[in-house]
Amino acid sequence: MYLFIKSFGCQMNEHDSQKIASILEEEGYELTDDPEKADCIILNTCSVREKPERKVYSALGRLLPLKRKKPSLLIGVGGCVAQQVGEKLLKEAPHLDFVFGTHQIHKVGEMVRAARAGIRSLDVSMVDDVPSLHRFPTPAPGQVKAYVTIMQGCDNRCSYCIVPHVRGPERSRPPEEILQEVRQLAQAGIKEVTLLGQNVNSYGRNLPKPLTFPRLLEQLEEVEGIERIRFTTSHPKDLSVELMEAMGELKKVCEHLHLPVQSGSNRVLQAMNRGYTREEYLEKVEALRKMVPGVALTTDLIVGFPGETEEDFELTLDLLRQVRFDGMYSFKYSPRPFTSAYEMRDDVPQEVKAERLARAQALQDRITSEILEDCIGKVEEILVEGPSPRGEGQVTGRTRTNRIVHLKGEAGQLVGRMVKVRIEKSLRHSLWGERLEE
Ligand code: SAH
Ligand code: SF4
Ligand code: F3S
């Protein structure tokens with residue numbers, strides 16, 4: 001039996017898809033990337049903006065002919081839209097067999113079995129301790145890096161964001177369990193872990209024995225076999241000096257930080273309820289760059305938040321110029337139900353949002369290519385992750401700063417290895433390197 005899963009969201013969402021796949025493997029399913037071949041199709045959804053939410057409905061619509069052709073096909077919807085919309089999905093899509101919320105991933109096996117017996121099911125209830133938080137998928141052969149969830153949910157109330165509503169309150173996973181998982185991953189050949197949480201900087205606050213995130217990093221540094229540690233996402237307001245020091249001192253913790261700024265205008269930041277000012281953000285960036293030389297920063301940006309003026313937006317552009325991020329994810333503001341900004345008038349016209357987005361992206365593209373060009377001539381250590389999409393006889397990996405590097409080589413020999421390269425050329429969003437003899 002074949003299983004097709006599509007992820008629509010963030011890294012947490014992708015990791016959940018891996019968990020779903022591993023649960024259904026135990027039920028006898030094997031992954032396929034061809035929906036036509038599948039006996040079970042699962043859409044793991046995202047509701048952070050309206051666009052990914054709408055994509056789910058159109059994807060569901062496209063599955064209708066498949067189901068008509070093959071009535072035994074099972075279709076399920078999980079993730080944040082499932083959590084948000086719940087029962088309405090089952091009502092509106094009669095060809096849908098089951099719906100499970102973000103806290104009910106562990107139920108997917110049971111739901112598939114019920115569906116095979118002709119029973120439709122739904123569970124979007126929320127619980128205090130999410131069972132799937134404690135579960136992790138076995139890495140595939142040849143897999144080099146893995147995600148590790150260290151916390152669930154979010155206790156912040158950024159005024160635009162639906163995540164706290166669909167993911168529930170923040171809960172940290174006990175450090176012993178995280179350590180054990182990372183050790184097992186190392187034994188299975190994993191070289192790099194990315195620790196996941198909506199706001200990893202506040203890790204450990206609500207544990208019976210509180211532990212800070214930097215202290216967790218210190219413990220993970222000791223795990224033999226793991227060569228690189230990354231984490232995401234960091235909230236600027238909770239980025240502590242202690243974490244900056246840990247990043248500077250711990251050898252395995254990579255010199256890259258994703259630090260979503262959202263806006264460069266204090267007025268907008270306040271309306272977003274982000275809990276920091278532009279000045280505080282810039283101060284933290286400066287301190288981080290002192291403590292972690294060469295650190296690469298990436299960010300998220302929202303344009304067209306209610307009330308954002310041209311002047312506010314120019315402050316954002318100015319911040320991009322000042323910080324010089326390596327990369328940026330940028331989005332047009334999208335009003336979401338269950339958020340406080342939903343009550344505000346979405347008063348920036350679509351064309352203005354589109355124009356601001358294009359200007360921010362053009363500026364960032366220029367900065368990104370300048371940064372990549374500056375890498376030429378540098379010697380970097382690359383962890384080779386797999387064959388390069390650029391073609392035969394090439395592999396791809398990343399620098400510690402998370403820049404993608406392609407180089408000549410055979411995947412069979414190099415995947416999972418650290419190699420030294422000299423950067424020869426910059427490409428659009430990546431680099432080309434020549435391997436140095438060791
Ligand atoms: N916990 C993370 C990720 C949140 S969602 C964090 O705090 O950064 C990922 C990104 O989606 C956010 O950083 C934000 O830039 C964007 N986003 C969230 N809600 C949005 C909305 N309503 N409209 C547009 N973009 C949004
Ligand atoms: Fe959303 Fe803010 Fe929580 Fe991130 S920190 S998930 S943006 S509420
Ligand atoms: Fe992630 Fe989207 Fe949910 S960003 S947490 S999948 S709403």
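Counting heavy atoms of the protein chains only and a 1.4 Å probe, report the per residue accessible area for the range 174-245 as a whole number of Å². Before the final figure, lay out the partial values.
On the way: 2890 Å² over 72 residues.
Solvent-accessible surface per residue comes out at 40 Å².
Of all GluC sites (Glu not before Pro) in the range 287-396, which ones are in loop regions per DSSP and have a Cβ with at most 16 other Cβ atoms within 10 Å?
Glu392
Percent of accessible area on the range 270-429 owned by carbon and sulfur, 1.4 Å probe?
Result for the range 270-429: 49 percent of the exposed heavy-atom area is carbon or sulfur.
Averaged per residue, what accessible surface does the range 351-398 expose to a 1.4 Å probe, in Å²? All intermediate terms of the calculation are to be shown ahead of the outcome.
Values: 2350 Å² over 48 residues.
For the range 351-398, the per-residue accessible area is 49 Å².
Taking Rh as the Kirkwood radius computed over C-alpha pairs, what is the Stokes-Einstein D of the range 320-438 at 37 °C in a medium of viscosity 0.692 mPa s, expressed in µm² per second?
197
So for the pair Glu314, Glu177, with labels modelled 7 Å out along Cα→Cβ, what separation do we get in nm?
5.1
Taking only the Cα atoms of the range 373-438, how large is their convex hull per residue, in Å³?
Output value, Cα hull per residue: 75 Å³.
With all pairs of different alpha carbon atoms counted, what Kirkwood hydrodynamic radius in Å does the chain show?
23.1
Tell me, what is a quarter of the convex hull surface for the C-alpha atoms of the range 149-303, in nm² with one decimal? Intermediate values should be presented prior to the final figure.
Numbers: hull surface 36.6 nm².
So the Cα hull casts an average projection of 9.1 nm².
Quick check of the Kirkwood formula: for the range 92-136, what is the inverse mean of 1/r over all pairs of different Cα atoms, in Å?
Value: 11.2 Å, from the Cα pair sum.
I'd like the isolated cysteines in the chain, meaning no second cysteine's beta-carbon lies under 4.7 angstrom from theirs.
Flagged as lacking a Cys partner: Cys10, Cys40, Cys46, Cys80, Cys154, Cys254, Cys375.
Can you compute the label reach from Asp346? Point 7 Å from Cα along the Cβ direction, backbone N cut-off under 20 Å, restricted to the range 243-268.
Inside the label zone: 262-263, 268.
Taking the range 395-438, which trypsin sites (Lys or Arg not before Pro) meet the DSSP loop condition and have no more than 11 other C-beta atoms within 10 Å?
Answer by residue number: Arg428.
State whether the range 247-293 is rounded, prolate or oblate according to the following rule on the C-alpha gyration tensor (a ≥ b ≥ c being the square roots of its eigenvalues): a/c under 1.5 gives rounded; otherwise a/b larger than b/c gives prolate, and the remaining case gives oblate.
prolate
Over the chain, what is the relative contact order in whole percent, taking alpha-carbon pairs under 8 Å and six or more residues apart?
Taking the mean separation of contacting Cα pairs over the length of the chain, I get 10 percent.
Using only the alpha-carbon atoms, what does the range 216-358 span along each of its principal axes? Please give whole angstrom values in decreasing order.
Result, largest extent first: 53, 32, 24 Å.
Would you mind getting the accessible area per residue of the range 28-149, heavy atoms of the protein chains only, 1.4 Å probe, in Å²? Present the calculation step by step, with values, prior to reporting the outcome.
Values: 5650 Å² over 122 residues.
Per residue, the range 28-149 has an accessible area of 46 Å².
Have a look at the DSSP beta bridges in the chain and tell me what percent are antiparallel, nearest 5.
Counting only bridges with both partners in the chain, antiparallel ones make up about 35 percent.
Give the accessible area for Asp374 in Å² (nearest 10); use a 1.4 Å probe, count only protein heavy atoms, and leave out ligands, DNA and RNA.
100
With every protein chain kept in the model, how would you rank Met418, Met291 by accessible area, 1.4 Å probe, largest at the top?
The residues order as Met291, Met418, largest area first.
In a shell of Cβ-Cβ distance under 12 Å around Glu242, excluding Glu242 itself, what net charge do Lys and Arg (+1) and Asp and Glu (-1) give? Please list the in-between numbers first.
Numbers: positive: Arg215; negative: Glu218, Asp238, Glu245, Glu249.
Computed value for this residue: -3.
With Cβ to Cβ distances under 11 Å as the rule, what net charge do the other residues near Arg356 carry (K, R +1; D, E -1)?
Details: positive: Lys332, Lys353, Arg359; negative: Glu308, Glu310, Asp312, Glu314, Glu351, Glu355.
Charge balance near Arg356 sits at -3.
Among the trypsin sites (Lys or Arg not before Pro) within the range 242-303, which fall in a DSSP loop and have no more than 14 other Cβ atoms within 10 Å of their own Cβ?
Answer in residue order: Lys251.
Can you give the net charge of the other residues whose Cβ lies under 11 Å from the Cβ of Gly416, counting K and R as +1 and D and E as -1?
0
Estimate the FRET efficiency between Glu26 and Phe338 by the formula 1/(1 + (r/R0)^6), using the beta-carbon distance for r and 35 Å for R0, to the nearest 0.05.
0.55
From the cross-link list Lys378/Lys425; Lys252/Lys420; Lys145/Lys290; Lys19/Lys237; Lys191/Lys420, which pairs have alpha carbons spaced over 20 Å apart?
Violating the 20 Å Cα-Cα cut-off are Lys145/Lys290; Lys19/Lys237.
Rounded, prolate or oblate: which fits the range 120-162, taking a ≥ b ≥ c as square roots of the Cα gyration tensor eigenvalues, rounded meaning a/c under 1.5, else prolate when a/b beats b/c? Show your work: numbers first, answer last.
Details: a/c = 2.36, a/b = 1.44, b/c = 1.64.
Oblate.
Take the alpha carbon gyration tensor of the range 76-160, find the square roots of its eigenvalues, order them as a ≥ b ≥ c, and report rounded if a/c is under 1.5; if not, report prolate when a/b exceeds b/c, else oblate.
Since a/c reaches 1.5 but b/c is at least a/b, the shape of the range 76-160 is classed as oblate.
Along the charge dipole of the range 95-140, Cβ charges K/R +1 and D/E -1, which of Val124, Gly101, Ala114 sits furthest on the positive end?
The residue sitting most towards the positive pole is Ala114.
I'd like the per residue volume of the convex hull spanned by the Cα atoms of the range 47-117, given in cubic angstrom.
77
The values are calculated or read from the model by the stated rules, or taken from the named source; none is laboratory data. All values derive from a computational prediction rather than experimental measurement. Neighbour counts run over all protein chains shown; Cβ positions are idealised from the backbone, glycine included. SASA here: full protein model, heavy atoms, side chains in, ligands and nucleic acids out. Shrake-Rupley method; radii C 1.70, N 1.55, O 1.52, S 1.80 Å.
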